[in-house]
Amino acid sequence: MKVTKITPAYDRSALKPRILHIGFGAFARAHQMVYLDELLSQEGGDWGVMAVRLNSGAQALSALDAANGLYTVIEADDDTLTAREIGVIAGTCHPERDGRDRLLDAFGAPDLAIVSLTITEKGYCLSGHTLDLDHKGIKADLDTPTAPKTAIGVIVEGLARRRAAGQGGLTVMSCDNLPENGALAKAAVLAFAQARDAALARWIENTCRFPATMVDRIVPALDADSAALIEEVTGHEDANGILCEPFCQWVIEDNFAGPRPAWEKVGVQIVPDVRPFEDMKLRMLNGAHTFIANLGAVTGHATVASSVADPVFRAAARQLMGAEQAATLAPLSGVDLDAYADALIARFGNARLQHRTTQIATDTSAKLPQRLLAPAKAHLADGSAWPLTALGIAGWMLYLRGKDEAGNDLPLCDPLADALRDIVAAQDGAEYVSALLSLRAVFDADLAHNAEFAAAIQKAYAELTTKGVRAAINARLHSPVL
Ligand code: NAI
Ligand code: CS2
């Protein structure tokens, strides 16, 4: 296989921390940083990044410092392998390592223009479309707002310090897989600010901007094989090295408070309305991922690639995307949804990515609404069929029971884990499904009162448990494969 190596072709000493990225995990390293690296390689400039992690990962940031801010991203599929050394990091910060004030004061720097976020869906501490003021972390941060621990508390205190320093507003850009992620980030930040100080909330509303984004690149958590491959290709260990697929897409709403990198020069789409792109990606890609993750894990498939190598799952994922998810989308000029679905199936089949089904099944309670419930609602409204969507939702309920079909344990990692474990322990069968359906944090009032929805999920769950997962899926395929 041909290995292509790319190193930073720009003057790194010119970089200033003009972007502060909170949540410097696998995805940010392989997506936002790569776009910026390409742009700097094209035209140089001073757009550097301060890499921040709030909870885990202090050691990885220290390793990044020791490597002079450099790390490697490997983009790979069966035929190609590109190792790109990324040079955009202009500093790192971890509040527990460096002290909270260093991070909060960084918001006041005159050169800072953008705070970008990949903090996972649960990092926004939402309840529906606004901030959950009963969230433990939010309550604690409102008690001590100048020493915040949540991302939302940090952003608001950082902006308060920026305002006090006499600087203008910032662009706060969510790059998480949430629908209308800009509006949600804004709602959370404003609600927290309002609870602290109405004048601060007004200042944020008037001077800051919260663009929505659609982000796409499959970046699994690093496993031992990928770490070994990175070491083999680069010749050294790399605590921040990451392996991902070659595909990459970024669509950003044209809504900035101040300057931004000229991302459009490296293929980023800057558009007036991101919503149709978000819906397409969150439903077709992420909806199919959640279907495969929960049902695949229960069946015993460890990865997405092994799931779509199984003809039942492959046919189901393609049918879900085409017949059920695409059918709920507004037409998007220049996008052929059939070709998009075919490309997604090919991307899922990338065997270089050991993308674990149990990783994607993490935090499903925060993913289900945008991925499978919104499409279900659309089908209920227009009377169209949603057999696989229903199986996907019931599949989550089956996954939660904690055992695969061979009796092996399945991990539960979810912001609602305690409540979910209580429900699992209390009952099974129809009562269990009803208890889950009454969880308002997942199923909103519309769905909770919809008897047709409840009946469809009950039926799907009963089929999964009586027939077994693959047979239940197969029976709902337009062209059964078993
Ligand atoms: P990761 O686990 O490698 O990194 C997550 C980062 O978020 C870490 O820095 C972690 O400390 C931080 N974090 C976790 N919970 C938090 C909380 N409650 N408050 C503040 N920070 C928190 O995960 P990865 O792969 O970087 O994904 C992060 C997010 O990026 C995803 O949840 C998703 O929304 C988005 N994304 C990921 C893609 C992927 O393929 N990995 C692709 C597209 C979007
Ligand atoms: C996945 C996504 O973990 C998950 O929930 O569905 O992270 C997925 O890999 C990305 O959205 C692809 O862009």
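The values are calculated or read from the model by the stated rules, or taken from the named source; none is laboratory data. These numbers come from a predicted model, not from an experiment. Using ideal geometry, Cβ is built from the backbone for each residue, glycine included, and neighbour counts are taken over all protein chains shown. Calculation scope for accessible area: heavy atoms of the full protein, side chains included, ligands and nucleic acids excluded. Shrake-Rupley method; radii C 1.70, N 1.55, O 1.52, S 1.80 Å.
Counting only protein heavy atoms and a probe of 1.4 Å, the accessible surface of the chain is 51% carbon and sulfur.
Relative contact order of the range 2-271, please, whole-number percent, based on alpha carbon pairs below 8 angstrom and at least 6 residues apart.
Values: 544 pairs, mean separation 58.3, N = 270.
Relative contact order here is 22 percent.
Ranked by accessible surface with a 1.4 Å probe, highest first, in what order do TYR71, TYR10 come? Mind showing how you got there, number by number?
Working: TYR71 0, TYR10 30 Å².
Descending order: TYR10, TYR71.
Relative protection proxy for 186-198, 160-172, 207-219, from highest mean packing down: 207-219, 186-198, 160-172 (other beta-carbon atoms within 10 angstrom).
Where both bridge residues fall in the chain, DSSP classifies roughly 35% of the beta bridges as antiparallel. Relative to one another, the C-alpha centroids of the range 182-208 and the range 109-158 are positioned 11 Å apart.
Any idea what the dipole of the range 2-271 comes to, in debye rounded to 20, about its Cα centre with Lys/Arg Cβ at +1 and Asp/Glu Cβ at -1? Write down the numbers at each step before the final one.
Numbers: 25 positive and 37 negative charges, 231 e Å.
Using Cβ point charges on Lys, Arg, Asp and Glu, the range 2-271 gives about 1120 debye.
About its Cα centre, what dipole magnitude does the range 34-121 give when the only charges are +1 on Lys and Arg Cβ and -1 on Asp and Glu Cβ, stated in debye to the nearest 20? Let's see the in-between values first.
Values: 5 positive and 16 negative charges, 101 e Å.
That gives a dipole near 480 debye.
What's the angle, to the nearest 10 degrees (0 to 90), between helix 337-348's Cα axis and the longest principal axis of the chain? Orientation of helix 337-348: about 80 degrees from the principal axis.
For the range 275-475, what is the convex hull volume of its Cα atoms per residue in Å³? Display every interim value, and only then the final one.
On the way: hull volume 22.6 nm³, N = 201.
Roughly 112 Å³ of hull volume per residue.
Sorted on the mean count of surrounding Cβ atoms within 10 Å across their residues, most packed first, peptides 410-420, 287-297 read 287-297, 410-420. For the range 14-43, the list of chymotrypsin sites (Phe, Trp or Tyr not before Pro) that fall in a loop by DSSP and count at most 11 other C-beta atoms within 10 angstrom is empty. Taking GluC sites (Glu not before Pro) across the range 234-318, the ones in a DSSP loop with at most 15 further Cβ atoms lying within 10 angstrom of their Cβ are GLU237. For the chain, the Kirkwood estimate of hydrodynamic radius, built from reciprocal distances between every pair of different alpha carbons, is 23.3 Å. In the complete set of protein chains, residue-level accessible area for LEU184 is approximately 20 Å², probe 1.4 angstrom. In the complete set of protein chains, residue-level accessible area for THR465 is approximately 70 Å², probe 1.4 angstrom. Ranking SER333, PRO272, MET321 by Cα position along the charge dipole of the chain, where only Lys, Arg, Asp and Glu carry charges on their C-beta atoms, puts PRO272 farthest toward the positive end.
Any idea what the relative contact order of the chain is, in percent, if you count C-alpha pairs under 8 Å spaced at least 6 apart?
Values: 875 pairs, mean separation 63.7, N = 482.
Reported as a whole number, the value is 13 percent.
Distance between the modelled labels on SER56 and ALA262, one decimal in nanometres: 3.9 nm (7 Å Cα→Cβ projection). Each stretch of four or more DSSP H residues adds -39500 (n - 2.57); spread over every residue of the chain, this sum gives -13000 deg cm²/dmol at 222 nm.
Exposure check, 1.4 Å probe, all protein chains in place: PHE453 carries approximately 0 Å² of accessible surface. For the chain, the longest principal axis of the alpha carbon atoms and the long axis of helix 32-43 meet at an angle near 50°.
According to the Kirkwood relation over distinct C-alpha pairs, the hydrodynamic radius of the range 317-365 is 12.6 Å.
Of the beta bridges DSSP finds with both residues in the range 2-271, what % are antiparallel, to the nearest 5? Could you put the intermediate results ahead of the total?
Working: 12 of 41 bridges.
So the antiparallel bridges amount to about 30 percent of the total.
Per residue, the chain exposes 39 Å² of accessible surface when a 1.4 Å probe is rolled over the protein heavy atoms with every protein chain present.
Restrict the search to the range 399-482; then list the GluC sites (Glu not before Pro) that DSSP places in a loop and that have at most 15 other Cβ atoms within 10 Å of their Cβ. List each step's numbers first, then the result.
Numbers: sites: GLU405, GLU431, GLU452, GLU463; in loops: GLU405.
Those that pass, being in a loop and sparsely packed, are GLU405.
For HIS379, neighbours were defined as the other residues whose beta-carbon sits under 11 Å from its Cβ, and their charges (Lys and Arg +1, Asp and Glu -1) total -2. For LYS139, the lysines whose Cα comes closer than 22 Å to its Cα, not counting residues fewer than 8 places off in the same chain, are LYS122, LYS149, LYS186.
The C-alpha atoms of the chain define a longest principal axis, and helix 224-234 lies at about 40 degrees to it. A simple charge model with +1 on the Cβ of Lys and Arg, -1 on the Cβ of Asp and Glu and nothing else charged puts the dipole of the chain at about 500 debye relative to its Cα centre.
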